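Here is the structure we will look at.
The values are calculated or read from the model by the stated rules, or taken from the named source; none is laboratory data. On a predicted model such as this, the values are computed, not experimentally measured, just so you know. FYI the Cβ positions are ideal-geometry reconstructions off the backbone, even for glycines, and counts take in every protein chain you see.
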Amino acid sequence: MPASMQREIRIRPATAEDASACGKICYDAFFSISQAHGFPCDLPSPEVPIGFLSMLFSAPGFYAIVAEIDGRVIGSNVLDERSIVHGVGPITIDPTVQNHGSGRKLMQAVLDRVTAQGAAGVRLVQAAFHNRSLSLYTSLGFDVREPLACMQGRTAARTVPGCSVRPAISADIPACNALSLRVHGFHRGIELADALAQGTALVVERGGSITGYASSLAFFGHAATETNLDLQALIASVDSFAGPGILVPTRNSQLFRWCLANGLRVVQPMNLMSLGLYNEPAGAWLPSVSF
C-alpha cells in the first residue's frame, strides 16, 4: 500500500473551490477505466466535469462531498436529493490512489446522508464493464434492477404517427408528475421544473392528452411515458442526444429493437441499481445517469 494511503482518508463537504481538482480527477478516472476496457470516455475533456461539478457543488438539492488525505483532494461524490428517491453520482477517485477504501468511504457517507434525510430509496447507474464498482455497490446493499444500453445517433424515423411532441411548459408539470407516479410510484417534479428552466423538457401528446415527457433526451435526462409508442415519438423528435447518449432499458425488447432498427448504436452497457424503494415500472421509461 502506498505510504499516503496509510494516512487517514477524511470526508468533508465539497466547496466551489474543490470543483477544479475534482473535475480533473473525474476526467482522469473515467478516461482510465474506459480506456482499460476499450470503451469511449463519457467526458470529452477535463473542462466538462469541472464545469458540471462547479454547478453541482453549489446547486440547491445536491449534497456533495470530497475525500482528502493530508489536505489533498483525492475524490468526490454527489447525491441528488430532488425527489423522495435520491440519486448517486458522479463518484470518482484519483486513479493513482484507487482500491484502498476511499470509494467505499465516499459511498458510505452518502448512504448515511440518505438515512438521515429519510429518503425512500437511493439509486445509481453503473458502467456494467466496471467489475470493481459493481462489486462495491452490491456489497453496500444495492441490487441490479435493470440492464441498460447507452445509445447514440439520430433515428431514421423523425415522427411517430398519432403522436405530437412539443416543448413542455409549466402548466404541464401536474400531468407529468401524475404520469411519473403511475409509472414509477413517485414523481421527479423538481427535476422537471429545473429542466423547464433550462429549456430541455419535452412532452408527447396522443389523443389530446399528455402521454409522456422527458426532462431531456440526454445522458442526464429521464423520461416516462404510457407506452413505447410515446417514448419512440420523444426519441425521434431530437437530432442528437446530449452527452454519451440516452439510457435504454434492454429488457424492453420492443423499444430496444426499434432503436436499433432506426440506426441508433450501442455505446456501452450499464446497470441501474437501487437500495430501498423500488417498484417495477408500469410503462415505458428512460433513466438518467443518476437514476
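One residue stands out in the stretch 63-97 among those that are surrounded by fewer than 18 Cβ atoms within 10 Å (Cβ to Cβ) and not small (Gly, Ala, Ser): the one that is modelled with the lowest pLDDT, namely 96. Just a yes or no: is a residue in the stretch 178-188 buried (at least 18 other Cβ atoms within 10 Å of the Cβ), touching a residue at least 24 places away in the same chain (Cβ under 8 Å), part of a strand (DSSP E or B) and in the same structural domain as residue 248 (by TED's automatic domain parsing)? Checked against the condition, which is being buried (at least 18 other Cβ atoms within 10 Å of the Cβ), touching a residue at least 24 places away in the same chain (Cβ under 8 Å), part of a strand (DSSP E or B) and in the same structural domain as residue 248 (by TED's automatic domain parsing), the stretch 178-188 yields no hits at all. The listed residues are 115, 155, 138, 159, and the only one of them that is surrounded by fewer than 16 Cβ atoms within 10 Å (Cβ to Cβ) and more than 20 Å from residue 78 (Cα to Cα) turns out to be 159. Return yes when residue 159 is out of contact with any strand residue (DSSP E or B) (no Cβ under 9 Å at 6 or more places or on another chain) and assigned to a loop (DSSP other than H, G, I, E, B) and no when it is not. Spelling it out, it is not the case that residue 159 is out of contact with any strand residue (DSSP E or B) (no Cβ under 9 Å at 6 or more places or on another chain) and assigned to a loop (DSSP other than H, G, I, E, B).
Of the helices (runs of 4 or more DSSP H) entirely within the stretch 46-142, those holding at least 3 residues that are over 15 Å from the mean Cα position of the chain (by Cα) and of a type in the set (A, V, I, L, M, F, W, C) occupy 47-56, 102-117.
Annotation note: of 155, 200, 211, the sole residue that is in contact with an Asp or Glu (Cβ under 6 Å, 6 or more places away or on another chain), at pLDDT 95 or above and assigned by TED's automatic domain parsing to the domain that holds residue 230 is 211.
Quick one: in the stretch 213-233, which of the residues that are in a helix (DSSP H, G or I) and of a type in the set (A, V, I, L, M) is surrounded by the fewest Cβ atoms within 10 Å (Cβ to Cβ)? Only one residue fits best here, namely 229. Every condition in (1) out of contact with any strand residue (DSSP E or B) (no Cβ under 7 Å at 6 or more places or on another chain); (2) at positive phi holds for residue 59 except the one numbered (2). The set of residues in the stretch 258-287 being outside any strand (DSSP E or B), of a type in the set (Gly, Ala, Ser) and more than 22 Å from residue 178 (Cβ to Cβ) consists of 261, 263. Number of residues in the stretch 189-199 that are touching a residue at least 40 places away in the same chain (Cβ under 8 Å) and either among the polar types (S, T, N, Q) or farther than 25 Å from residue 120 by Cα (or both): the value is 0. Please verify whether the stretch 234-251 includes one or more residues that are buried (at least 18 other Cβ atoms within 10 Å of the Cβ), in contact (Cβ under 8 Å) with a residue 40 or more places away in the chain and among the charged types (D, E, K, R). Within the stretch 234-251 (the criterion being buried (at least 18 other Cβ atoms within 10 Å of the Cβ), in contact (Cβ under 8 Å) with a residue 40 or more places away in the chain and among the charged types (D, E, K, R)), the answer is no, since none of the residues qualifies.
For the stretch 252-267, the count of residues that are hydroxyl-bearing (Ser, Thr, Tyr) and buried (at least 18 other Cβ atoms within 10 Å of the Cβ) is zero. Within the stretch 246-257, the set of residues being touching a helix residue (DSSP H, G or I) at 6+ places or on another chain (Cβ under 6 Å) and assigned to a helix (DSSP H, G or I) comprises 254, 255. Scanning the stretch 132-149 for residues being basic (Lys, Arg) and under 18 Å from residue 104 (Cα atoms) gives a total of 1.
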